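Below: the structure, in structure tokens.
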Amino acid sequence: MLQKGFDQFAKLSCRWRYGRLLSAYLDHEVDAQVEGVIAGHLHECARCRVEFEQLRFANRALVEFEIPPMRNPQSGGQVFQLPAITAVSARKKLYSQRIAVPVPLAAGVAIALVGATLFAMSRNQQPPIQSTVLLPAPSFTDIKVVEVPVERVVIRTVYSKRPGSRRVREAGKDKQLLLTPPDSKADIARNATRKVEWSDSTLKDFRPAASANLRVVKEHEK
Amino acid sequence: MYVLTELAEIDLEAGAELQDESIVARIKSGERLFGLLYQRYRTRTFALAFGMTGQREQAEDLTQEIFLRVYQRLNTFQGQAKFATWFYRIALNQCLNHCRYERRRRQTVTNPDDRQTPAPVELRVVEQADATLLRKEIQHELRSALLSLKPEVRFLLLLKEIEGLSYEEIAERLECSPGTVASRLSRGRKLLARKLESLKGKI
């Protein structure tokens, strides 16, 4: 029983091992060493021998396949005059080698350059900022801290003065947005005791510092 | 069917020692030497075409198509590969195109006269068991078995049989690996043998 199973496996295995090589063996396309191994195996294995015979039969059939002699083409038919080849070839060669790749490439680069130039010009057309000229170049050390207590949480926003940016020009807007004075009466009552500097003049040239380390501090009840 | 007018003009003996590539270069420079290439390749090309189509007239037409195509594309031959490689590449493409076209035509054409069904040979074999008739029968079987294979495999088998090339050379001509050639050949031969079971004792 075991022997039978082993034989079956061996057959499957040899088919897998030699089956692909048999055709090449028939054409003498394998190495001398492999050829010897396959010849030995064919001597032993009936199944591979049958397969090899099939291949040899197909080869023999192909040899038997008769191809009729080609008739003399001048025995009838139209006369075909071959066109001249040089003129076409020169133009096509020029197109395929000199024009087809570099010209579209150069066109692409040129379009990109023009686009970049136009973009840069449109950026430069903005009116120069007057305030930057007038301001005496304040340093980054001018920092003002405003405390806005809301309920029991105090939010500290750091405002800094920085010249040359668009946000300095729009400092008034920022300030309006950020420091809207309390409008309801309850708020006024709540904030009556707190000292908050709301005056426009103090924050005129300041803007909230984006890079400042903002901290939320919880105020303890006194 | 077309005839190359250059054939009458060329001196076949003079160009016998010329390489294919140098002939192509001279054709490109304006000399009328395409007939030389035609003479060199026509028999092999016709054999391939006959194997691919199975019919003489079609094979002749296909041969002419291949040569015409080669001539038209001659200016794209750069000389990087061998001329034979380039030539067989074009031949394969033309053959595959032809097979595709034929298959579509057979699907659409329903007229039985156009199908070119072969005459029933076996009846006549019974009447007079002649050797030539037997040969015809064998040839018919062989042809139909070959035609039932895939065109790519058929082309490979024919290339191996007609040209007698090694796997390396076939691989180079068809731009694939020798391993692929080996496995395709093996598969094609097995299929062919299975289809020709009826001819087992006769060949």
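For the range A:26-49, what are the residues that are more than 10 Å from chain B (Cβ to nearest Cβ) and surrounded by 11 or more Cβ atoms within 10 Å (Cβ to Cβ)? Write out each step before concluding.
Of the residues in the range A:26-49, the ones more than 10 Å from chain B (Cβ to nearest Cβ) are A:31-49.
The answer is A:Val34, A:Glu35, A:Gly36, A:Val37, A:Ile38, A:His41, A:Leu42, A:Cys45, A:Arg47, A:Cys48, A:Arg49.
Condition check ((1) surrounded by fewer than 18 Cβ atoms within 10 Å (Cβ to Cβ); (2) at pLDDT 85 or above; (3) part of a loop (DSSP other than H, G, I, E, B)) across all residues:
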residue	(1), (2), (3)
B:Ala59	no, yes, no
B:Arg69	yes, yes, no
B:Gly79	yes, no, yes
B:Tyr88	no, yes, no
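The helices (runs of 4 or more DSSP H) falling completely within the range B:144-203 include none with 1 or more residues that are more than 19 Å from the chain's Cα centre (by Cα) and at pLDDT below 85.
The values are calculated or read from the model by the stated rules, or taken from the named source; none is laboratory data. No experiment lies behind these values; they were computed from the predicted model shown. Ideal geometry is used to build each Cβ from the backbone, glycine not excepted, and the neighbour counts take in all protein chains shown.
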